Amino acid sequence: LHAHTQRRFSLPWLVPQFPPVPDAQKNKKSKAKQEPLRMPSQSLFNKSIALLFSKRSTRTRVSAETAALLLGGRALFLGREDIQIGVNESVRDSARVIGGMCQGIFARVGEDSEIEELARYSPVPVLSALSNLWHPTQVLADLLTLHDHAHLFDATLHPPSAKQRLAPGLAPLRPLTVAWVGDSTNILHDILVSFPRLGHSVRVATPGKEAYQCPEPVRKRLDGLGLTMGGEEEGKGAEHIVWTDDPRVAVKGADVVITDTWISMGQEEEKAQRLRDFAGYQVTEALCKEGGAKENWVFMHCLPRKAEEVDDEVFYGPRSLAFPESDNRKWTIMALFE
Ligand code: CP
Ligand code: NVA
């Protein structure tokens, strides 16, 4: 197996048991020197998970299908055009029927209420693969990627050696300042409800219009978690989340700068207006320098990416963690299935 893959298999929260390869056990002489091969658990053996996707997907779909395979199970991709849901059959009946045949449902939907409805009527667990409001599995990958690169934020840490890369566990990550520049999307909402609870402060810049502010259900969730949000001046640094309409203010002191598309799935008709409203929000070296981001700031993006929200210099440059972040979708979704 590829070393990277082995490393992922060795994460204790991913695979509770590491059965050594039988041949390695038999060969006693070389056993002491040999690292046991980390094999993924077969916890999905003979099990199926339905991928109920009503929107496009590359990363989430490929991660889910390949992760299910590694765990010994089967993912069934059920696109909007393939099954009866929404056309000839209600969400409620579909949840009961699919849940009667599969051991889990991973669903990508439009309105978040559809996930809630699936969960209400499904006899098996329902996981969110994205809704208009949330994208929880993306943020698991983002956090894992930051832990993988903890040495970039802490001069006392070194890049992990080959041996360390195979050892179980995550590198400790110091509290980071994370800046978001762009739209208030599903990705941001999950960052808001998770990063501050792990000690990271979040600074957000969206255009001032009402349409681009934090939606009410997200605000309620933040309130429920005791997370505070305010302008740069209001909390004088005490807020968990600073929210502004000035990208330069958002990137001040940032270790990490993150963005997402300005036109999420389902908003295609608003494209022209959105391109006008987001003028000046493109993530560039110049913006981050002007705003006072840390010298070694890193860039993240859930993908798919358009050049309007981040230029090529940043996206394809040495600061960008976008592709390792994309790779980590698979290992985190595998952990979730496990
Ligand atoms: N980041 C992400 O969810 O990508 P896909 O839409 O391609 O799954
Ligand atoms: N905000 C984007 C994320 C895509 C992964 C969307 O919902 O289209």
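Since every read-out is calculated from the coordinates, none of them should be taken as a lab result. Keep in mind that this is a model prediction, so the values were computed, not measured. Note that we place each Cβ from the backbone using ideal geometry, even for glycine, and neighbour counts take in every protein chain shown.
Divide by every residue of the chain the summed helix terms, -39500 (n - 2.57) for each DSSP H run of at least 4, and state the resulting mean residue ellipticity at 222 nm, rounded to the nearest 500 deg cm²/dmol.
Result for the chain: -9500 deg cm²/dmol, rounded to the nearest 500.
For the modelled label position 7 Å from the Cα of Phe77 along Cα-to-Cβ, which residues of the stretch 37-66 have backbone nitrogen atoms closer than 18 Å?
48-66, by backbone N distance to the label point.
Compute the distribution of all C-alpha to C-alpha distances in the chain, in bins of 20 Å from 0, and list the percent of pairs in each, rounded to whole numbers.
28, 55, 16, 1
If you only keep lysine pairs separated by 8 or more in sequence, or across chains, how many in the stretch 138-327 come under 19 Å at the Cα atoms? Each step should come with its number before you reach the end.
Values: Lys209/Lys271; Lys236/Lys252; Lys252/Lys289; Lys252/Lys294; Lys271/Lys306.
Total qualifying Lys-Lys pairs in the stretch 138-327 comes to 5.
Taking 35 Å as R0, compute the FRET efficiency from the Cβ-Cβ separation of Val62 and Glu233 and round it to 0.05.
0.20
Can you tell me the relative contact order of the chain? Whole percent, Cα pairs under 8 Å, sequence separation 6 or more.
Normalised by residue count, the contact order of the chain is 17 percent.
Relative contact order for the stretch 47-155: what percent, with Cα pairs under 8 Å and sequence separation of 6 or more? Walk me through the intermediate numbers first.
Values: 158 pairs, mean separation 27.8, N = 109.
Relative contact order comes out at 26 percent.
Rounded to whole Å, give me the distance from the Cα center of the stretch 280-301 to that of the stretch 112-185.
That distance is 21 Å.
Calculate one ³J(HN,Hα) per residue across the stretch 271-276 by plugging θ = phi - 60° into the Karplus curve 6.51 cos²θ - 1.76 cosθ + 1.60, and present them in order as whole Hz with x for glycine and proline.
With the stated coefficients, the stretch 271-276 comes to 3, 4, 5, 5, 4, 5 Hz.
Which Cα, out of Asn186, Ala141, Leu275, lies furthest along the positive dipole direction of the stretch 138-327 (beta carbon charges, K/R +1, D/E -1)?
It is Ala141.
To the nearest 0.05, how large is the calculated FRET efficiency for Ser43 and His147 if R₀ is 22 Å and r is the Cβ-Cβ distance?
On the way: r = 23 Å, r/R0 = 1.06.
Calculated transfer efficiency: 0.40.
Treat each spin label as a single point 7 Å out from the Cα along the C-beta direction, and report the Leu303 to Gln273 distance in nm.
Simple spin-label model gives 3.2 nm for this pair.
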